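Trainee: So that we are looking at the same thing, I have put the structure below in structure tokens.
What follows is calculated from the coordinates using simple rules that are stated; it is not laboratory data. Not measured: the values here are computed from a predicted model. In this analysis, Cβ positions are derived from the backbone assuming ideal geometry, glycine residues included, and neighbour counts consider all displayed protein chains.
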Amino acid sequence: MGERPDITVVGAGIIGCAVAYELGRRGADVRVIDRRNVGCGATQASAGVLAPFIEADHPGPLRALGVRSLELYDEFVADVVADSGDDVPYERSGTLEVATDETALSRLERARQGLVSAGVDCRLLGRAEAREAEPHLGAAAWGALLVPSQGFVGAVALTAALCRAGVRHGVTFLTSRTARRVSVGDGGIEIETTRGPVTSDAVVLAAGSWAGRVVVDGEAPLPIRPVRGQLLRLMWPGAPLARVIWSPRCYAVPWRDGSVLVGATVEEVGFDERATVAGVTTLLDAVRDLLPATRDAGFDEVRVGLRPGTPDDLPALGWSRAVPNLVHATGHYRNGILLAPITARLVADLVLDGREDPLLEAVAPGRFNGA
Ligand code: GLY
């Protein structure tokens, strides 16, 4: 690749936008293509919880990626805010993971021990202490695990800011254009799209749930499947929640504007982006049991997204072995927002500097398609 490599990113969700921004600010000439506008897939239906110790409840590759990414978050948000001029809601006010029976409380105690031995600050709270930490908790709460370093970010605002910051670094966005096939062409890597071919030095496939629908010459499709998540936006009726509240049946994320995002269903229903009565009532029942004050909350909206799931719940991140200079960056399942900073960094290191971080070993796309 030349002095200023020409790179196309397929997918304008948070992963595609983060990768494009990182490549752009490191000097590449970047375009992003998507069939829809920026952040219209799983991204817009994400509550933005940054909780690697909850999402990955044991040490392993997902936790390693999540912890590294969380470490990058302060700087990532600060850079994007500075480069875009946008405000991005971002708080590291902790998470309170609630147990609703004795077995769950014992599980949280084991989690606490594991975290303490890994050097993570956390505290197990009994029933009364948990109510003190969050007075809105209902009688169903037996106790809770407080992890102060976790938090949340405004996924939609962050993605819009990444887009604006990317544009300031020369990134261009081509929407209403669906990528169909990637192959080696005469002048570089060719992407066949619904509005003609696009050729570049390198390609990053970050198409989320739709990644498996982009044909890559010489490669079996990645086994990415859509996993529907429905998310509610409620207007909170009283004193705000202090932090993210997480329970086995739902989680709640408090925003400064008085709204609370309540997520999320996990549904294997294929490419169906409808909100359903069953999804909404399941979440309303769960959040009312957890936080009884919800009874008086206003109902603002329901959002629906398709998370890109993989057979082992890990992303597919790294070189294609079939098409040179093609990188897969997809399959982030429940963790696209959390993993955006580390994904952007790993992909930019790979594409621009040929540097393969050891973190990439466990998430190599070839483990699925043998390529
Ligand atoms: N990250 C939480 C979810 O996908 O529901």
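Trainee: How big is the Rg/Rh ratio for region 218-371, C-alpha atoms only, Rh by Kirkwood, two decimals?
Mentor: 1.08
Trainee: Over all distinct Cα pairs, what is the inverse of the mean 1/r for region 1-107, reported as the Kirkwood hydrodynamic radius in Å?
Mentor: Taking every pair of different Cα atoms in region 1-107, averaging 1/r and inverting gives 16.6 Å.
Trainee: Let me ask you something else. So what is the calculated 222 nm ellipticity per residue for the chain, using -39500 (n - 2.57) for each DSSP H run with n of 4 or more, over all residues, to the nearest 500 deg cm²/dmol?
Mentor: After summing the helix terms and dividing by the residues of the chain, the value is -9500 deg cm²/dmol.
Trainee: Further question on the same structure: Mind checking Rg over Rh on region 118-222, alpha carbons, Kirkwood formula for Rh?
Mentor: 1.26
Trainee: Evaluate the Debye formula for region 22-79 with equal point scatterers sitting on the alpha carbons, no solvent, and hand back log10 of I(q)/I(0) at q = 0.14, 0.21 Å⁻¹, in q order, two decimals.
Mentor: Cα-only, vacuum Debye calculation for region 22-79: -0.62, -1.05.
Trainee: Let me ask another. Using a simple charge model, +1 on the beta-carbon of Lys and Arg, -1 on the beta-carbon of Asp and Glu, nothing else, what dipole does the chain show about its Cα centre, in debye to the nearest 20?
Mentor: Using only the charged Cβ atoms, the result is roughly 540 debye.
Trainee: Order these by the 10 Å Cβ neighbour count, fewest first: ASP312, ASP74, ASP83.
Mentor: ASP74, ASP312, ASP83
Trainee: How big is the C-alpha Rg of region 305-371 next to the rule-of-thumb value 2.2 N^0.38 Å, as a ratio?
Mentor: Ratio of Cα Rg to 2.2 N^0.38 Å: 1.06.
Trainee: I'd like the distance between the alpha-carbon centres of region 158-189 and region 288-357, rounded to an integer number of Å.
Mentor: 18
Trainee: Could you sort 145-158, 86-99 so that the peptide with the highest average Cβ count within 10 Å comes first and the rest follow in order?
Mentor: 145-158, 86-99
Trainee: Under the √(5λ) rule applied to the eigenvalues of the Cα gyration tensor, what semi-axes describe the equivalent ellipsoid of the chain? Give them in Å, descending.
Mentor: 37, 21, 19
Trainee: Calculate the radius of gyration of the Cα atoms of region 314-353 to one decimal place, then report Dmax, the largest Cα-Cα distance, as a whole number, both in Å.
Mentor: Cα only, region 314-353: 10.4, 29 Å (Rg, Dmax).
Trainee: For a bin width of 5 Å, list the pair-distance distribution of region 105-169 built from all Cα-Cα distances, rounded to whole %.
Mentor: Going out from 0 Å in 5 Å bins, region 105-169 shows 4, 15, 17, 15, 12, 9, 9, 9, 6, 3, 0 percent.
Trainee: Cβ neighbours within 10 Å, averaged per peptide: list 46-54, 238-246, 302-310, 330-338 in order, most packed at the top.
Mentor: Ranked from most to least packed, the peptides come out as 330-338, 46-54, 302-310, 238-246.
Trainee: Also, quick follow-up: Once the piece of chain linking GLU3 and HIS58 is laid out straight, how much longer is it, given 0.36 nm per residue of separation minus the C-alpha distance between them?
Mentor: Gain on stretching GLU3 to HIS58: 15.6 nm.
Trainee: What's the local net charge at GLY119, with K and R +1, D and E -1, over the other residues with C-beta under 14 Å away?
Mentor: Local charge sum for GLY119: 0.
Trainee: Ok, one more. Would you mind checking the tilt of helix 61-84 against the longest principal axis of the Cα atoms of the chain, expressed as 0 to 90 degrees and rounded to 10?
Mentor: Around 80 degrees separate the two axes.
Trainee: Then there's this: On the Cα set of region 33-183, report Rg and Dmax in Å, please.
Mentor: 19.2, 61
Trainee: If amide hydrogens are placed 1.01 Å from N in the peptide plane, which non-local residues have theirs closer than 5 Å to the one on LEU50?
Mentor: Distant-sequence amide H within range of LEU50: GLY151, PHE152, VAL153.
Trainee: With Cβ to Cβ distances under 11 Å as the rule, what net charge do the other residues near LEU174 carry (K, R +1; D, E -1)?
Mentor: Once all neighbours under 11 Å are counted, the net charge is +3.
Trainee: In whole Å, what are the Cα extents of region 199-245 along the three principal axes, biggest one first?
Mentor: 57, 24, 15
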